[in-house]
Amino acid sequence: MAEDLAELERWLSRIQAGLVPAKRRAASLKLGQALRRANLLRISANVEPDGGAMEKRKASSNERGGVRQKAGSRMFRRLRLAKAWKIDADADGVEIAPASASIDRVAAVHQFGEMDRVGRLRDGRTIRAKYPERRLLGLSQDDRALIVETAAGLIDPDAD
């Protein structure tokens, strides 16, 4: 019985050592960077977090009605960059958020399928379009496994 209690005490002290706020913040930052990297790879491949393909981009035409950009071309040029997404990590968690207001607006329009301005007519009237819902940020099964591994690293200080 005494041996079991000693083993339990050692195990609990390892958990306590792994839960120092500075170490939790470092683990949150590491997790945030890995999740941002995974999300950026999905965004650049036009794949949603659940693994399905995003709805393809519509063709855009020029003033004479000719095709300026083919349908299905790559989307989210600026959103594919790591500098477009900031990571706020502390001892209690991690948040991945757009780094600027313009990135935030573009991401929100696509994430939630909102209507946005796409241009203006010659007479100054605004052209608006309804965008399909394309989930940019989210957790895939691989991301969930990464979170569990990071949490295990917090509990086991020898892991790493």
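The values are calculated or read from the model by the stated rules, or taken from the named source; none is laboratory data. Keep in mind it's a predicted model, so treat the numbers as computed, not measured. Heads up: the accessible areas ignore ligands, DNA and RNA and are worked out on the full protein's heavy atoms, side chains in. Shrake-Rupley method; radii C 1.70, N 1.55, O 1.52, S 1.80 Å.
Karplus-based coupling profile of the range 131-137, in residue order and whole Hz: 8, x, 6, 10, 6, 8, 9, with θ = phi - 60° in 6.51 cos²θ - 1.76 cosθ + 1.60 and x standing for Gly or Pro.
Along the range 40-56 the Karplus relation, 6.51 cos²θ - 1.76 cosθ + 1.60 evaluated at θ = phi - 60°, assigns HN-Hα couplings of 5, 5, 5, 4, 5, 8, 6, 10, 7, x, 7, x, x, 6, 6, 4, 5 Hz to successive residues, with x for each Gly and Pro.
Taking amide hydrogens as placed 1.01 Å from N in the peptide plane, the amide H of SER60 sits under 5 Å from those of ARG68, GLN69, each at least 5 positions away in sequence or on another chain.
Calculate what fraction, in whole %, of the accessible area of the range 89-135 sits on carbon and sulfur atoms when a 1.4 Å probe is rolled over the protein chains. It is 49 percent, rounded to a whole number. In this structure, the amide hydrogen of VAL47, modeled 1.01 Å from its nitrogen in the peptide plane, lies closer than 5 angstrom to those of MET54, counting only residues at least 5 positions away or on a different chain. In this structure, the amide hydrogen of TRP85, modeled 1.01 Å from its nitrogen in the peptide plane, lies closer than 5 angstrom to those of ALA99, counting only residues at least 5 positions away or on a different chain.
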